[in-house]
Amino acid sequence: MLSKDIKMKDPINAAPYKSGKTFDWRDYIVYIAFVGVLVYFSISLFDEGFLSSQNLMNIFRQTAMISIMAVAMTFVISTGEIDLSVGSITALASLTTALAIQAGFGLFGGVVVGLGTGILIGLINGLLITKVAIPSFLVTLGMMGIVRGLAMWSTNTAPVPILDQNFNFFFGSGDLGPIPILLVWTFVFALVGHILLRKTSFGRQTLATGGNESAAKFSGVKTAKVKLMVFIGTGLAAGFAGILYAGRMQAGRYTFGEGDELSVIAAVILGGTALAGGVGTVVGTVIGSLMIGTINNGLIIMGLDVSQQMIVRGLIIILAVAIGRKTIKR
Amino acid sequence: MEQTMLSMKNISKAFNGIEVLKSVDFSVEKGEVHALMGGNGAGKSTLMKILTGVYTADGGDVFIEGKPVTINDMKDARANKISMIFQEFSLIPTLTVAENIFLTREAKTSLGLLNDKECVEKTRDLLKELEVDINPNELVGNLGVGYWQMTEIAKALSQEAKILIMDEPTSSLTKNETEILFKFINKLKRKGISIIYISHRMDEIFEICDRITILRDGKNMVTENCKDIPLETVIQHIVGAEMDKAFEWQERSYPHGSNPILEVKNLASGSRVNDISFKLYPGEILGIAGLMGSGRSEVARSIFGIDPIDSGEVFIKGEKQSIKNPTDAISAGLALIPEDRRVQGLVLAHSVKENMILPILSKLKKGPFVDDRKAIELSNELVKKLNIKTDNIYKTTSLLSGGNQQKIVLAKWLANDPDVLILDEPTIGVDIGAKTEIIDIIRELADSGKSILVISSELPELLAVSDRVIVLHDGRVVKELNRKEIQAEEELQHAIQGY
Ligand SMILES: Nc1ncnc2c1ncn2[C@@H]1O[C@H](COP(=O)(O)OP(=O)(O)OP(=O)(O)O)[C@@H](O)[C@H]1O
Ligand SMILES: [Mg+2]
């Protein structure tokens, strides 16, 4: 073997790694883009009152449901999975909540039923994905149709009005002083989500599962359990979003949340969470959904019609993700 | 006083009816380093996976400190203080070093939240003890292969394992890192930790191990004290036959003309390749030596069009090339067998045959279709030539043993019949029998007029095949040695370390 007199070389000098996480502005593309969009609308739409506090609060109201679902979706995408059923869940949950309140279960009963609806569907999704080993894309694609169908069928497409004004205040239309209640709920979900992802072992295990599933298993992470939990999470968040839709519109309706799954996923990816899993950020997600909300709001004020809005929104999303290519490549 | 830490009795295991372990016995004393040896596919990793609960044995018993135990998963293994450093790495590239080391065992604050600060501190202490300088906050995905390994070992040690399984721990380490690892193993021994050491490198085994157990075809061959068993006997038990002296350099007259087939001038690429110039003549075997991080692999990668070339020129047969991607490189007559074969060289979910014919699909065409008969013929031929242990050519490659996977990558590129072959660590993870086969194949190829670049950290192997050796340091060629001028391995070692 190697003779003793050979000078041992300090391995540090041969170290082939960069020190620390290196700064890359691409990691911050969503923040840069968000500021850009804000500045652009502030100047071009100044006279139309884009910057008025009323309009800004409106943006928060319009994006609350997307933000809340996107926080939960961040976990699902961080594990390398996807949940397409969230939009449909909001519709069914809004109806079950409204029906429960109508049947006299009260405010509390209504919320429990709405959340329960979401959790139950999330649980079924999770079990099919982890126990039957069907890819999440297929499970939730199927579930998206089933749940929307159930929502239509349950009341024969009729809306169910909610007359409980306390419910409508706390879960949609109310304001606490100048602050819309929807903003408060968004903040609660974002905070809990952020702590869960960054500060708990569950969050760490979520990222590990998406980073390299077999390595995570070898390290003792119960990856199936983690996946089950994140799908229950999106179910719960979508159920809550359904409750908020119901409170805001003072009715349950089968049309709620149509196409929301796409906005939610776009918000998460825009925010910097990797579609392949392993990298996720709740703060980025919230900024991502605020950006989508701001764009929507600005385009409406600009007087673009729906078709034009869709085109511009699509372009901006593709552009932002392309510039921040790291988010796709991880 | 000796004390048996672990004993495995009559362990049997079959996959799809094919027995890979036949009533194997294995035991380890407290504070002992016990070598587990055997050819590729002998069943070493399988035995260890049974010990760590990855697989369940079909029959047999496991005792820890005399008590019978059942190990059904990693958690049971951990509860019994067994920890394994996997041949397939078990780290998560998107998490940091500290996050990986303490995954599922994170320190918590009084609120039950993660205490990253403490994890980072603990990691720092641990790495200091290991004498490796890795930033605990670095993403594992940014680390070089050798540092992954170090992180793996640190992770196992942090679990206060009493039985540490190392499956080919040095296959991606340099001499220096190996020395550091061995020092550490000795430290662990003194602490009473038992180590099961799997390796195909004989010198390591004899340096570090107390006892050897050899498996062949899933059966016990011998268990013996290291000092009492001569090298020849070990090889004989592994291979099942006497071996010729393949590791000795054989004087070779190669038909080299005065015109180089490959010439590299002032090549620079990224941060690791700064100024590389060399010539490779027809029929020549040129060895590339250097420490890890000296730019050996990166030179190969930039020539082959994987990493972009920043400046400098590459000539093939006197013609200036502009190779932008591996496809260009292949059509220019180059082939690269990468270092990290499992990741870069194989489609693990595909069969042996599909992997082998991948680079030569266009040559196997019969009209618009792939000539399946020819593909099968060729695959079978390569399996035989390289002595690849697989049930048949349709077996999924992920189910083969580590060494046999390596051989498939080699086979895959041999099938392509290139002019210039670049081999990056060609014998990593293969057993002593296959090593000599591969060395013989390299010689044969050169004799038939092919030109070969061999990158290797195993100096005996490099010295056995090379006609000429260039030594790299910091992305530059610092020395060129004619094989004939090199008297002893130490000389080359000095040249490599001397900067
Ligand atoms: N999951 C599996 N399914 C089918 N066959 C398997 C499986 N795992 C291992 N084998 C087979 O069992 C045999 C023993 O493999 P093992 O990985 O234990 O070999 P090894 O001694 O570690 O070899 P190496 O030195 O190449 O790593 C091989 O022939 C391999 O193909
Ligand atoms: Mg093995």
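Would you be able to say whether some residue in the range B:325-347 is free of Cβ contacts under 8 Å to residues at least 40 places away in the same chain and either of a type in the set (Lys, Arg) or within 16 Å of ligand 2 (Cβ to nearest atom) (or both)?
Within the range B:325-347, none of the residues are free of Cβ contacts under 8 Å to residues at least 40 places away in the same chain and either of a type in the set (Lys, Arg) or within 16 Å of ligand 2 (Cβ to nearest atom) (or both).
Go through the range B:393-485 and tell me which strands (runs of 3 or more DSSP E), entirely inside it, have 3 or more residues that are within 16 Å of ligand 2 (Cβ to nearest atom) and modelled with pLDDT under 90.
Working: elements: B:420-424, B:451-455, B:468-473, B:476-482.
Because the criterion is at least 3 residues that are within 16 Å of ligand 2 (Cβ to nearest atom) and modelled with pLDDT under 90, no strands (runs of 3 or more DSSP E) in the range B:393-485 meet it.
Please name all residue pairs, on different chains or six or more residues apart, with Cβ atoms under 6 Å, provided the first residue is in the range A:233-262 and is more than 15 Å from A:ALA100 (Cβ to Cβ) and the second residue is among the acidic types (Asp, Glu) and crowded, with 24+ Cβ neighbours inside 10 Å.
Taking only residues 6 or more apart or on different chains, the pairs are A:THR234/A:ASP83.
Could you identify the single residue in B:ILE18, B:ILE85 that is within 16 Å of ligand 1 (Cβ to nearest atom), of a type outside the set (Asp, Glu) and within 15 Å of B:MET166 (Cα to Cα)?
The match here is B:ILE85.
Six or more apart or on different chains, Cβ atoms under 7 Å: show the pairs whose first residue is in the range B:422-438 and away from chain A (no Cβ under 14 Å) and within 14 Å of B:VAL454 (Cβ to Cβ) and whose second is within 15 Å of ligand 2 (Cβ to nearest atom) and aliphatic (A, V, I, L, M).
Here the result reads B:ILE438/B:VAL430, each pair linking the range B:422-438 to a residue that is within 15 Å of ligand 2 (Cβ to nearest atom) and aliphatic (A, V, I, L, M).
Take the residues in the range B:443-462 that are more than 14 Å from chain A (Cβ to nearest Cβ) and open to solvent by 10 Å² or more (accessible area, probe 1.4 Å), then tell me which one is farthest from ligand 1 (Cβ to nearest atom).
Quick first cut of the range B:443-462, residues more than 14 Å from chain A (Cβ to nearest Cβ) only: B:443-456, B:461-462.
Narrowing the set further to residues that are open to solvent by 10 Å² or more (accessible area, probe 1.4 Å) leaves B:443-445, B:447-450.
On the way: B:ARG443: 23, B:GLU444: 23, B:LEU445: 23, B:ASP447: 28, B:SER448: 28, B:GLY449: 32, B:LYS450: 27 Å.
Among those residues, the one meeting the criterion is B:GLY449.
Could you give every pair whose Cβ atoms fall below 6 Å, whose first residue belongs to the range A:85-98 and is on the phi < 0 side of the Ramachandran plot, and whose second residue is of a type in the set (Ser, Thr, Tyr) and open to solvent by less than 10 Å² (accessible area, probe 1.4 Å), counting only separations of at least 6 or pairs across chains?
Once the first residue is on the phi < 0 side of the Ramachandran plot and sits in the range A:85-98, its partners that are of a type in the set (Ser, Thr, Tyr) and open to solvent by less than 10 Å² (accessible area, probe 1.4 Å) give A:SER85/A:THR140; A:VAL86/A:THR234.
Given the condition of a type in the set (Phe, Trp, Tyr) and within 14 Å of another protein chain (Cβ to nearest Cβ), answer yes or no: does some residue in the range A:210-222 qualify?
Applying the first criterion (of a type in the set (Phe, Trp, Tyr)) to the range A:210-222 yields A:218.
Checking the rest, the ones that are also within 14 Å of another protein chain (Cβ to nearest Cβ) come to A:218.
Yes, the range A:210-222 has at least one match.
Show me the helices (runs of 4 or more DSSP H) entirely contained within the range A:106-184 in which 3 or more residues are more than 21 Å from A:LEU244 (Cβ to Cβ).
Helices (runs of 4 or more DSSP H) meeting the threshold: A:106-130, A:136-154.
State whether one or more residues within the range B:363-371 are touching a Leu at 6+ places or on another chain (Cβ under 8 Å), among the aliphatic types (A, V, I, L, M) and not in a helix (DSSP H, G or I).
Step one: filter the range B:363-371 for residues touching a Leu at 6+ places or on another chain (Cβ under 8 Å), giving B:364, B:370-371.
Checking the rest, the ones that are also among the aliphatic types (A, V, I, L, M) come to B:364, B:370.
With the extra rule that they be not in a helix (DSSP H, G or I), the set shrinks to B:370.
Looking for residues that are touching a Leu at 6+ places or on another chain (Cβ under 8 Å), among the aliphatic types (A, V, I, L, M) and not in a helix (DSSP H, G or I), one finds at least one in the range B:363-371, hence yes.
Taking the range B:33-78 on its own, how many of its residues are within 24 Å of B:LEU386 (Cβ to Cβ), touching a Lys or Arg at 6+ places or on another chain (Cβ under 7 Å) and either more than 16 Å from ligand 1 (Cβ to nearest atom) or not in a helix (DSSP H, G or I) (or both)?
Of the residues in the range B:33-78, 6 are within 24 Å of B:LEU386 (Cβ to Cβ), touching a Lys or Arg at 6+ places or on another chain (Cβ under 7 Å) and either more than 16 Å from ligand 1 (Cβ to nearest atom) or not in a helix (DSSP H, G or I) (or both).
Working only within the range A:209-226, note down all residues that are buried (at least 18 other Cβ atoms within 10 Å of the Cβ), hydroxyl-bearing (Ser, Thr, Tyr) and within 10 Å of B:ILE92 (Cα to Cα).
Answer for the range A:209-226, where residues must be buried (at least 18 other Cβ atoms within 10 Å of the Cβ), hydroxyl-bearing (Ser, Thr, Tyr) and within 10 Å of B:ILE92 (Cα to Cα): A:THR209, A:SER219.
Within the range B:186-210, how many residues are crowded, with 20+ Cβ neighbours inside 10 Å, of a type outside the set (S, T, N, Q), farther than 17 Å from B:SER45 by Cα and more than 14 Å from chain A (Cβ to nearest Cβ)?
Going through the range B:186-210 one residue at a time, the tally reaches 1.
The values are calculated or read from the model by the stated rules, or taken from the named source; none is laboratory data. A quick note: this is a predicted structure, and the numbers were derived from the prediction, not measured. Reconstructed Cβ throughout: ideal geometry from the backbone, glycine too, with neighbour counts over all protein chains shown. Areas reflect the complete protein model, heavy atoms only, side chains present, ligands, DNA and RNA absent. Shrake-Rupley method; radii C 1.70, N 1.55, O 1.52, S 1.80 Å.
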